[in-house]
Amino acid sequence: MFKRVALFLATNLAVLMVFSVVMAVFGLDPRSNAGLLIMAALFGFGGSIVSLLTSKWIAKKTTGAYVIEQPRNEPERWLVETVRRQAQAAGIGIPEVAIYDAPEINAFATGANRNHALVAVSTGLLRAMNRDEAEAVLAHEVSHVANGDMVTMALLQGVLNTFVIVAARIVGRIVDGFLGGNRDDGRVGPGYFLTVFVLDMVFGVVASVIAMWFSRWREFRADAGGAQLAGRDKMIAALERLAQTYGESTLPKQVQAFGISGGITGLFRSHPPLEQRIAALRNAQSTAAASGLRVVS
């Protein structure tokens, strides 16, 4: 735990120092509109891009995942072969395949590049799910990779972060100017700092709602992709197994953004309720059948 916190703080400190040097070298003044926008973009995208680029390494370290380089037994051979076959069908590079020791049923995918990703499953999944269900879970994760969800999420978070930084400070200037009698000496007063402090939190909540909405949408899309790769019936069966076992899955907190588990209720859920995901697959199956389209099952 201490190492993770120390690494997080060191990474953010390094990012702050680099951005400060860049702004100083190029003579960018964060008090100007152009300077503010550039500063916001650097800070807004910096954290999300760094997190994306280090996501595989962090996921392996925090879960203790074992990457299968040479399968040691039949289950490992099946895992590697299944992911290889699905990746080829999805038109992406073959991801690294890993197993991490955890009792819950779960899996996750991560990586900054759809051709150099990581797909990992828990030992609990391998014990509790049959091959058809496990195949569907793997297909769901491969679909996340094929859809570029990790990259898109990082870019969206960067845009939202930039919006929060810029909007809070523009409003802060307006409020401070009103309270300070529109002084023109370039200084800011306590009204600016108080307004920015409050609006950083308020706008941050709004940004989180938007990010979680996208996260829920991408889960439905990954389910649909998983149904195409493994079969709709297998995908439904895998989700039903999760619902029967947990109601909601319990992915380790360190990698919740990458997995198939649920989050808190309401607007801040990162994943839709399992029953909604199952209903969406069944509705799609019924619609396809009614229209005379071939349904993969």
Inset, instruction - State all residues of the range 55-88 that are open to solvent by 30 Å² or more (accessible area, probe 1.4 Å), more than 16 Å from residue 116 (Cα to Cα) and not polar (S, T, N, Q); if no residue qualifies, say none. - result: 61, 64, 66, 71, 72, 74, 75, 77, 78, 81
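Report yes if some residue within the range 252-259 is touching a Pro at 6+ places or on another chain (Cβ under 9 Å), open to solvent by less than 60 Å² (accessible area, probe 1.4 Å), among the small types (Gly, Ala, Ser) and modelled with pLDDT under 90; otherwise report no.
The answer is yes, given that some residue of the range 252-259 is touching a Pro at 6+ places or on another chain (Cβ under 9 Å), open to solvent by less than 60 Å² (accessible area, probe 1.4 Å), among the small types (Gly, Ala, Ser) and modelled with pLDDT under 90.
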Inset, instruction - Please work out if residue 105 is on the phi < 0 side of the Ramachandran plot, open to solvent by 70 Å² or more (accessible area, probe 1.4 Å) and β-branched (Val, Ile, Thr). - result: no
Inset, instruction - Among the residues of the range 168-192, write down those that are more than 15 Å from residue 32 (Cα to Cα) and either touching a His at 6+ places or on another chain (Cβ under 9 Å) or at pLDDT 85 or above (or both). - result: 175
Legend entry - First in the range 113-127 and surrounded by fewer than 24 Cβ atoms within 10 Å (Cβ to Cβ) and at pLDDT below 95, second anywhere and in a strand (DSSP E or B) and acidic (Asp, Glu), Cβ under 9 Å, 6 or more apart: 116/96
Legend entry - Single unsatisfied condition, residue 40 versus (1) at pLDDT below 85; (2) open to solvent by 70 Å² or more (accessible area, probe 1.4 Å); (3) under 21 Å from residue 153 (Cα atoms): (2)
Inset, instruction - Confirm whether residue 130 is open to solvent by 30 Å² or more (accessible area, probe 1.4 Å), closer than 25 Å to residue 240 by Cβ and within 14 Å of the chain's Cα centre (by Cα). - result: no
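Just checking, which of 199, 229 is in a helix (DSSP H, G or I), open to solvent by less than 50 Å² (accessible area, probe 1.4 Å), under 30 Å from residue 99 (Cβ atoms) and out of contact with any strand residue (DSSP E or B) (no Cβ under 9 Å at 6 or more places or on another chain)?
Of 199, 229, the one residue that is in a helix (DSSP H, G or I), open to solvent by less than 50 Å² (accessible area, probe 1.4 Å), under 30 Å from residue 99 (Cβ atoms) and out of contact with any strand residue (DSSP E or B) (no Cβ under 9 Å at 6 or more places or on another chain) is 229.
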Inset, instruction - Would you mind finding the one in 109, 89 that is in a helix (DSSP H, G or I) and touching a residue at least 12 places away in the same chain (Cβ under 8 Å)? - result: 89
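The values are calculated or read from the model by the stated rules, or taken from the named source; none is laboratory data. Note that the structure is predicted; figures quoted are calculated from it, not measured. Here Cβ is always computed from backbone atoms with ideal geometry, including for glycine, and neighbour counts include all displayed protein chains. Calculation scope for accessible area: heavy atoms of the full protein, side chains included, ligands and nucleic acids excluded. Shrake-Rupley method; radii C 1.70, N 1.55, O 1.52, S 1.80 Å.
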